Amino acid sequence: MNQAVFLQSAFTHLLRNANAATPREWGKMDLQQMVEHMSDSFRIANGKDIQTCVTPAENLEKMQAFLMSDKPFRPNTPNIQMPDTPLAHRNSSYALAVDELQGEINDFFTVFENQPGKTITNPFFGDLSFAMWQQLLTKHCEHHLRQFNLLIHG
C-alpha cells in the first residue's frame with residue numbers, strides 16, 4: 001500500500017476498529033493518548049504547530065538518512081518534547097480523538113496539495129518536503145501501531 005493511502009485512510013481505519021482499552025506493548029500512553037499524540041504530530045506536519053529544529057545542523061544529514069531508510073523507530077524511542085507522564089485525554093471519547101486525528105491528516109494533505117513545493121520544519125529532522133513528511137509520518141504511525149499490536153504488516 002502506498003504511503004498516501006496508508007496515511008489518509010488505512011491508519012485511522014485500523015484505529016477506528018481498535019478497542020480503546022487495547023493494551024500497549026511498551027511505553028506509558030494508552031491508545032487514546034497515542035491517537036492524540038499522533039494528532040499533534042500531524043499538526044506539526046500540516047504547519048499549524050510551527051516548530052524550530054533542535055537537532056544540530058551537522059547531524060541533520062544523518063537524521064534524514066535514517067528518516068528515508070526502512071529502519072523503524074525502536075520501542076521506547078525517547079522524545080524530549082514529550083512529558084514523562086502522558087497528558088490527560090483532551091477529547092471526551094476515543095472516537096472523537098480519532099475524528100480529530102483524521103481532520104489533521106486531511107489538513108496535511110490539503111496544505112501540500114495547495115503548496116506543492118512547501119517545506120515544513122520538524123523539530124528533529126529539519127525542513128521536510130511532502131515526500132519526506134509522508135515517510136516520517138508513515139514510520140511514526142507504524143511505530144505506534146506496533147506499540148498496540150495493531151500493525152497488520154511490517
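The values are calculated or read from the model by the stated rules, or taken from the named source; none is laboratory data. Keep in mind that what you see is a predicted model, and the values were worked out from it rather than measured. Backbone-built Cβ (ideal geometry, glycine too); neighbour counts: all protein chains shown. These accessible areas exclude ligands, DNA and RNA; they are computed on the full protein's heavy atoms, side chains included. Shrake-Rupley method; radii C 1.70, N 1.55, O 1.52, S 1.80 Å.
Match the structure shown to one of the listed values (i) 15.9; (ii) 17.5; (iii) 17.2 of Kirkwood radius over Cα pairs in Å, computed from it, and give that label.
Comparing each candidate, only (i) matches the computed number.
At 222 nm, what value in deg cm²/dmol follows for the chain if DSSP H runs of at least 4 each add -39500 (n - 2.57) and the sum is divided by all its residues, to the nearest 500?
Using -39500 (n - 2.57) per qualifying helix, the result is -14500 deg cm²/dmol.
To the nearest 0.05, what FRET efficiency results for D107 and T85 with a Förster distance of 30 Å applied to their C-beta separation?
Details: r = 28 Å, r/R0 = 0.95.
That gives a FRET efficiency of 0.60.
Determine which residues of segment 119-134 fall in the zone a paramagnetic label at N59 would reach in this model, i.e. backbone nitrogen under 13 Å from the point 7 Å along Cα→Cβ.
It comes to 123-126, nothing else.
Of all accessible surface on segment 1-86 at a 1.4 Å probe, what whole percent is carbon and sulfur? Spell out each step's value before the answer.
Values: 2810 of 5300 Å².
Carbon-and-sulfur percentage of accessible area, whole number: 53.
For M82, what charge total do you get from the other residues with a beta carbon under 11 Å from its beta carbon, if Lys and Arg give +1 and Asp and Glu give -1?
Numbers: positive: K28; negative: D40, D84.
Neighbourhood net charge equals -1.
Using only the alpha-carbon atoms, what does segment 33-92 span along each of its principal axes? Please give whole angstrom values in decreasing order.
41, 27, 21
Net charge near S93: determine it from the other residues with C-beta under 15 Å of the C-beta of S93, scoring Lys and Arg +1 and Asp and Glu -1. Working shown, then result.
Values: positive: R16, R90; negative: D30, E36, D99, E100.
Cβ neighbours under 15 Å give a net charge of -2.
Past the 19 Å Cα-Cα mark, which pairs from K71/K139; K48/K71; K118/K139?
Values: K71/K139 8 Å; K48/K71 28 Å; K118/K139 21 Å.
Exceeds cut-off: K48/K71; K118/K139.
Would you mind pulling out the separation of the Cα centroids of segment 82-117 and segment 21-54, in Å?
What the calculation gives is 8 Å, centre to centre.
Taking the 0 to 90 degree range and rounding to the nearest ten, how far is the long axis of helix 31-45 tilted relative to the main principal axis of the chain, both from C-alpha atoms?
Computed tilt is about 20 degrees.
How large is the accessible surface per residue of segment 6-76, computed with a 1.4 Å probe and reported in Å² as a whole number? Show your work: numbers first, answer last.
Values: 4050 Å² over 71 residues.
Solvent-accessible surface per residue comes out at 57 Å².
How much length would be gained if the chain were fully extended between T77 and R146, taking 0.36 nm per residue of separation minus their Cα-Cα distance, in nm to one decimal? Show your work: numbers first, answer last.
Details: separation 69, 0.36 × 69 = 24.84 nm, distance 1.27 nm.
The T77-R146 span can extend by a further 23.6 nm.
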